[in-house]
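Notes to accompany the following structure.
Please treat every number below as a calculation from the coordinates, not as lab data. These numbers come from a predicted model, not from an experiment. Glycine gets a Cβ as well: all are built from the backbone with ideal geometry, and neighbour counts include every protein chain shown.
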Amino acid sequence: MKFSNKILSQTLVQLCLDKGIDHIVISPGSRNAPLTIGFGEAPDFKCFSIVDERCAAFFALGVAQQLKKPVAIVCTSGSALLNYYPAVAEAFYSDIPLVVISADRPANYIDIGDGQTIRQENVFENHILYSANCSEGEDFQIKNETEINIALNTAIELEGPVHINIPFSEPLYQTTENQMVWPQNVAARWDDATIEEDLKPFLSKWNSSKRKMILVGVLPPNSVERRFVDQLSKDESVLVLTETTSNLHNENFIMAIDQLIAPLVEEDFKKLHPDILLTFGGMVVSKKIKAFLRSFPPKQHWHVDTKKAFDTYFVLKHHFKTTVNDFFVQFLPKTIYVNSDYQKNWLAIKKYRLQRHEAYEKEIPYSDFMVFCEIFHSAPKHIQLQLSNSATIRYAQLFNIPPSAEVFCNRGTSGIDGSTSTAVGAAFASKLPTIFITGDLSFFYDSNALWNNYIPKNFKIIVINNGGGGIFRILPGEKDTQLFNTYFETKHNLNAKQLSEMYGFKYEAIHEKEDLKITLKKFFSIKERPALLEIFTPSTVNDKVLLGYFKYIS
C-alpha cells in the first residue's frame, strides 16, 4: 500500500478511516493529488470520481442522506471549491453530514496573482458548522490534528457540513510505503440531548387546551415511534398536519395541507386557529399554512429539535432541545385526552375534500395535474421517491403517497440546482428502487448529474416537460408577454432524448393523455438499465387546471 508523503494527507486520511468516514467523492485536480492518493490507495475507502464539483457535492449529499453518516467530498484549489456551496447550504439547513475537504495553495501564494488561488479559509462561514484551517509543516501537527478531529466529530455528532482546508506545496505526487504519522483519534464529547426543564407549565397549557395543532416538516422515514403516532391520532383536541416529506402516516392526520386550507375563508380560519402549535421536523413546503399561522398566530408555539428552532411563524415561545421520541417519552404519558370537536370537524372537511378531489380527477384535461395524478396512481409502492423542488414538490402534496414509499426532497434551501445529483447519490446508497420526479428546468439545469458512473439499474427519472417554468403562471402578474416568457417562464424547446442516449438511459416519451397509463406501466417495469420518461404537457393549461382545483374542492 502506498501513502502520500504529505503528513497532512496521511493525518486526514487516517482520521477519516478511524471515524468510519469511508465514502469519499473526489473531483479531479492537481493540488488535491496528495488526498486523491491517500484515499484512493487505501482499500477501506469507497471512492467515487465525479468531475463536476456541484454535482459531486449533491451526489455526496444524497449518499449521506441515505447512509445517515458523513460523506467526504474532495476538490482541488480555486473556484472548484465554490461549486460546492449550494450543496453545503442545503446540508446546513437539512442537517446532513457533509465533510468538505479542499486542497489549497500555501499561504504565501494567496493574493499574489498565482493561478487557481482564492481566499479559501472560512469561505463557507455563514453556512458551516465548523471550519478547520490547517497549516503546512511539522510544527503545526498537533494543531492540525486538533482541528481535523473537531471538524470530523462535529459532522458526526451535530449532523451537518464542515470544511477542512489543507494547503499543499509542490511536489504533489510523491508517495511512500511508510505511514509517517499516527494521529490521535479524539472522540466527540457531546452528551445526549434530554429535556432538562420542568414540563409542568407546558403540560398545564396542553391539558387545558381544546385546540392543539401539530405541524410536521421534513423527517426521515420511520423516525417517530408508531406508539406516539397512534396516541396523538386518538386525541380529539389534537390536529396533526403532515406533508409528503414528513414520512408520517395516519388516517387521522391531515396529509394534504393545501387541499384542506386553500378554499377556507376568514371565518373558517378562526375555527382552525390553534391555541398551541407544536412543530418538529425540518422545513415545511406549504406557503398557505405559513400565511395562515402568521395571520392567526397561536398563543404558544413550541418546537422540538436537538439543534435549532426557527421562528417561522413569529411567535416561537419555547425550544425543546431533544429528539422527538425523547420528548414524547417524557411528555405524552403526562398528557390527558381533552374532549373537543377540533379534530373531528376538520377530518370531516378532509373527507369531503378527498371526495371532491376524486371527482375533479375525472373531469380535468391533459395537464400537469393529470400527469401527477396518474404517476402516483401507477407508481410501485415499495420505492424511494425523490422529488425536485418548485412545482413537483407542490403537486406531490395534493396526492396520496403510500406509507411504503420513502419520500425525499432538498427542502433545506428549496433550490432546483442539485435535485438530480442528490437523487442519483441517494439511489446509489439505497436498497430500494428509486424514482426521481422533476420538472424540465430543474432537470436541464442539473443535467451533468447523469455524467456519473455510479447510477444503479433500478434508477428512474420522470421529467414533466411543460416547456419552461410553468409554476410562474400561477403567480400574480401579466402573462404571455415577451418579458414574462423570457425572464419568468423561460420558454424553451429542449428535450431529454439526446441526453438519455448519451448517458445510456432507456428513453420513453409521452405527448398525450391516451399514452399515459400504458407507457407508465411499461416504464415502471424496465429493469435492465436506468430509464428516463419525458412527459410533455401544454404550458398554457396547467395553471388554469391547478387554480380551478382549489375552487372545485371548496
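A few comments on the model shown:
- Neighbour net charge for Gly418 - beta-carbon separation under 13 angstrom, K R +1, D E -1: -3
- Extension gain for Glu363-Ser49 works out to 108.1 nm (0.36 nm per residue, less the C-alpha to C-alpha distance).
- Its residue count N sets the reference 2.2 N^0.38 Å, and the alpha-carbon radius of gyration of segment 200-348 equals 0.95 times that reference.
- Segments 127-136, 83-92 sorted - mean Cβ within 10 Å per residue, highest first: 83-92, 127-136
- Trypsin sites (Lys or Arg not before Pro) restricted to DSSP loop in segment 219-270 with at most 14 other C-beta within 10 Å: Lys234
- Proximal aspartates and glutamates to Lys317, defined as alpha-carbon separation beneath 20 angstrom and excluding residues fewer than eight positions away on the same chain: Glu196, Glu197, Asp198, Asp275, Asp305, Asp326
- Total formal charge among the other residues, if their Cβ is under 11 angstrom from that of Leu277, Lys/Arg +1 and Asp/Glu -1: +3
- 222 nm mean residue ellipticity, helices alone, for the chain (DSSP H n ≥ 4; -39,500 (n - 2.57); rounded to 500): -10500 deg cm²/dmol
- Tensor-based shape of segment 367-409 (alpha-carbon gyration tensor, a/c under 1.5 rounded, otherwise prolate or oblate): oblate
- Restraint check, Lys460/Lys491; Lys68/Lys457; Lys19/Lys381; Lys287/Lys491; Lys234/Lys270; Lys287/Lys344, Cα-Cα greater than 29 Å: Lys19/Lys381
- Prolate/oblate/rounded label for the chain (Cα gyration tensor, a/c 1.5): oblate
- Taking 0.36 nm per residue of separation and subtracting the current Cα-Cα distance, fully stretching the chain between Arg226 and Phe269 would add 12.5 nm.
- Subset of Lys46/Lys308; Lys212/Lys299; Lys69/Lys431 violating a 21 Å alpha-carbon distance limit: Lys46/Lys308
- With contacts taken as Cα pairs under 8 Å and at least 6 residues apart, the chain reaches a relative contact order of 13 percent.
- Reachable lysines, given that their alpha-carbon falls under 20 Å from the alpha-carbon of Lys6 and they are not under 8 places away in the same chain: Lys143
- Inter-part distance where segment 62-114 and segment 154-182 are each reduced to a Cα centre, Å: 13 Å
- Listed residues Pro456, Leu272, Ala42: farthest to the positive end of the dipole of the chain (Cβ charges): Leu272
- In degrees, nearest ten, helix 368-378 long axis to first principal axis of the chain (Cα): 80 degrees
- Structural descriptor for segment 200-348: relative contact order 30 percent, calculated from alpha carbon pairs under 8 angstrom and at least 6 residues apart.
- J(HN,Hα) series, segment 159-168, from Karplus relation 6.51 cos²θ - 1.76 cosθ + 1.60, nearest Hz, glycine and proline x: 6, x, x, 9, 10, 10, 9, 10, x, 10
- Those GluC sites (Glu not before Pro) in segment 295-374 that DSSP places in a loop and that have at most 15 other beta carbons within 10 Å: Glu363
- As a proxy for reagent exposure, ranking Val51, Val329, Val265 by other Cβ atoms within 10 Å from fewest up yields Val265, Val51, Val329.
- Anchor Lys522: aspartates and glutamates whose Cα lies under 17 Å away (excluding residues fewer than 8 positions away in-chain): Glu374, Glu508, Glu512, Glu514, Glu534
- When segment 3-173 is reduced to its Cα atoms, the Kirkwood hydrodynamic radius in Å: 15.4 Å
- Environment charge at Phe314 (Cβ cut-off 12 Å; Lys +1, Arg +1, Asp -1, Glu -1): +2
- Gap separating the Cα centres of segment 246-305 and segment 504-554, nearest whole Å: 30 Å
- Once the C-beta distance of Asn325 and Ser414 is scaled by a Förster radius of 30 Å, the resulting FRET efficiency is 0.65 to the nearest 0.05.
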